[in-house]
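Read the structure below first, then the notes.
The values are calculated or read from the model by the stated rules, or taken from the named source; none is laboratory data. What you see is a predicted model, and the numbers here were worked out from it, not measured in a lab. Just so you know, the surface numbers come from the protein's heavy atoms only, side chains and all, with ligands and any DNA or RNA stripped out. Shrake-Rupley method; radii C 1.70, N 1.55, O 1.52, S 1.80 Å.
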Amino acid sequence: MSGPRPSDAMQVSTDNQTLSGRAARVRTMFAEIAPRYDLLNHVLSLNIDKRWRRFVIRKVADRLREPGSKALDLCCGTAELSIELAALAPTVGVDFCHPMLALGRKKLYGRSLPVELVEGDALLCPMGDESFNVVTIAFGLRNLESITDGLREVYRLLKPGGRAAVLEFSHPQIPVFRDVFHFYFTRVLPGIGNAVSGSSFAYRYLPESVLAFPDQNALAEAMRAVGFSSVSYYNLAGGIAAVHLGDK
């Protein structure tokens, strides 16, 4: 695969009419903040999010160095992680938000990277069973209508011996730090995000969705429940985020 032109991408139907009310609201939200999405991620995390993605790459690299390996990046957004995966193996990125994918395609334009971006629903991925050696989902699982159904879809898409990696905001583990972060996340960040992005909903939704997301142990158990083996997780920045790994 070579770098696509900005208008190129496989598309499947993801009209708001075909989505649940919550999914349609989430997609509209991401469409509104897409132009400043990467900037806000980097600024609000002090660029730590880049290190977190590199950590994911290190944890899946051995599976992608095997001959004929392929990677799938679900909820790929603007293709930040897809691009890094493609340095190791041909990669498909899937997201249901067209403006986010458009920004991802701009990053790929003129670059000889084996990346294909697909507009589609991560719960109904338009790929066959057991198609990929690695499936990643970064900061997207909590946005799905069903976490369990999302994990089942990841499992379906993985080849036997493949590895899933879930990078997601999580629950800080150190009590004092947890309280400080909670204040920042729920009181400070929404104001900054609103000022920069112009979306008051997006940066209220972010802390609400993170607080409602399963903690590290609960997510590990959810992965085991759908069939993953060798499930483990790594806390990042004291548990602000976590990477969960599971094999098929």
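Give K50/K107; K106/K248; K50/K106 a once-over and call out the pairs whose C-alpha atoms are over 27 Å from each other.
K106/K248
To the nearest µm²/s, what D does Stokes-Einstein give for region 18-88 at 10 °C and 1.306 mPa s, using the Kirkwood radius over alpha carbon pairs as Rh? Display every interim value, and only then the final one.
Working: Rh = 14.1 Å.
After rounding, the answer is 113 µm²/s.
How much of the DSSP bridge set in region 105-248 is antiparallel, in percent, rounded to the nearest 5? Each step should come with its number before you reach the end.
Numbers: 13 of 19 bridges.
Looking only at bridges with both residues in region 105-248, the antiparallel portion is about 70 percent.
Antiparallel DSSP bridges in the chain: what percent, to the nearest 5? Please report the intermediate quantities before stating the final value.
Values: 13 of 34 bridges.
If I count the DSSP bridges inside the chain, around 40 percent turn out antiparallel.
Taking only C-alpha pairs under 8 Å that are 6+ residues apart, what is the relative contact order of the chain in percent? Write down the numbers at each step before the final one.
Numbers: 466 pairs, mean separation 52.3, N = 248.
Computed value for the chain: 21 percent relative contact order.
Just read off the accessible area of S69 with the full protein assembly in place, 1.4 Å probe, to the nearest 10 Å².
Spelled out: S69, probe radius 1.4 Å, area about 10 Å².
With N denoting the number of residues in region 104-210, provide Rg(C-alpha) divided by 2.2 N^0.38 Å, to two decimal places.
1.34
Considering only DSSP beta bridges whose two residues both sit in region 32-120, what percent are antiparallel, to the nearest 5? Walk me through the numbers before you get to the answer.
Working: 0 of 9 bridges.
Approximately 0 percent, going by the DSSP bridge assignments.
Once every DSSP H run of n ≥ 4 in the chain is given -39500 (n - 2.57) and the sum is divided by its residues, what mean residue ellipticity at 222 nm do you get, rounded to the nearest 500 deg cm²/dmol?
Helix contribution divided over all residues of the chain: -12500 deg cm²/dmol.
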